[in-house]
Amino acid sequence: MLLGLVGKPNVGKSTFFKAATLSDVLIANYPFATIKPNHGIGYTKIHDLAADFGKFSNPREGYVKKGWRFVPVEIYDVAGLVEGASEGKGLGNEFLNDLAAVDAFIHVVDMSGETDADGKTINSEVNYDPARDIRFIEEELDNWYLGILKKTWEKFARAVEVQKGKFSEAVAKQFSGLKVLEDDVKSVLLKTGLNPEKPSHWSADDLKKFSTALRKTSKPMIIAANKIDRPNGKSNFEKIKGGFDYPIVACFSDGELALKEADKHGMIDYVPGEKDFEIVKELSEVQKNALDGIKKILDEFGSTGVQDVLNKTVFDMLKYVAIYPAGAKLSDSKGNVLPDCFLMPPGSTALDFAFRLHTDIGNAFVKAVHIKTKQAVGKDYVLKNGDGLEILTR
């Protein structure tokens, strides 16, 4: 799974990326500090199944802290998009192509009102409207999809009319580089009511409506309302949070990064996504004051929002489920407890999970057994988030 960070320049995307991944990236208060894409590993947060058995997991990937398991996901941070990116402005085509493989967008938006449309710092009293950024990024992403569709539309439309019933298959093939599935196209046709039998009769507005719906379906988006700690941050957040059909999460990326760095250096004990932390080392007055400022945001919003964004993207929008492969003893041959945890797509079955583990296991599948309830389930059992399953083979 790959999550893509998008947004205009200088909104805190690199800070969000570093807060999520602790990767070493350039963070600077000027537009286009990021030119080449950054790639790192962030983590979804789930209940550690081992805790139900009085044990602690020993993850092969990710980590465990205080009863929580952090399962890795890939995150891609591309350079800031500017208006006209879909037409090539600001190296826009290159940056959009970098996003082709992502499964969902995390749109980092500056709630402070302290950066203009180009990402340049302005006086906070001007209070630039962050809703404008959401609309222009929507427009650029929609035009990106529309541009791909329009390249060969006339020839394409005639061809699918000859091959009746092939519209969804043909569109999915044309957009295969963007990970569009045939089911995505069918869903969009149902939502829009457009006739796939006569695409040559579609108007320009129909084509735009279709490409927009296809973008929203194939690459869902969440808004990370960043810089919520700034003077205008909360008021701007309150203004926009009900105005769009995207999930919107208040974020304080600077605070999350500071907490993770302090935890990493043994100054505090902090679990990502929690509303509190514990000071475990003598701190300077400057450090105490900084943490006090962060604590005020945590008290008001419940967390810094960064972990919430990752979890909502993976589990609520993409509807993936985290599954533990586990035998009766919970551990592998080396004594590692629940070393693996896999993120599986929505609708995955016990048989799909068996094949995810190994082709031979899938081919020899007999049944699966829940390690908590000891209940046996068949190959068609639909996986639920947090399941721990032992796969039995012939």
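The values are calculated or read from the model by the stated rules, or taken from the named source; none is laboratory data. Predicted, not measured: the structure shown is a model, and the values here were computed from it. All Cβ positions, even for glycine, are placed from backbone atoms using ideal geometry, and neighbour counts span all protein chains on display.
Some notes on this structure:
- Inclusion of VAL162 among residues that are farther than 15 Å from LEU149 by Cα, touching an Asp or Glu at 6+ places or on another chain (Cβ under 6 Å) and hydrophobic (A, V, I, L, M, F, W, C) is not warranted.
- Among the conditions (1) surrounded by fewer than 21 Cβ atoms within 10 Å (Cβ to Cβ); (2) among the basic types (Lys, Arg); (3) in the same structural domain as THR115 (by TED's automatic domain parsing), the only one that LYS173 does not satisfy is (3).
- Candidates in the stretch 193-229 are the residues that are of a type in the set (S, T, N, Q) and farther than 15 Å from ASP245 by Cβ; of these, the one that is surrounded by the most Cβ atoms within 10 Å (Cβ to Cβ) is ASN226.
- Residue under evaluation VAL108, criteria (1) at pLDDT 95 or above; (2) in contact with a His (Cβ under 7 Å, 6 or more places away or on another chain), criterion not met: (2)
Here is a yes/no grid of residues against (1) touching a Phe, Trp or Tyr at 6+ places or on another chain (Cβ under 9 Å); (2) at pLDDT below 95:
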{"site": "VAL25", "(1), (2)": "yes, yes"}
{"site": "ALA28", "(1), (2)": "no, yes"}
{"site": "PRO31", "(1), (2)": "no, yes"}
{"site": "LYS36", "(1), (2)": "no, yes"}
{"site": "THR44", "(1), (2)": "yes, no"}
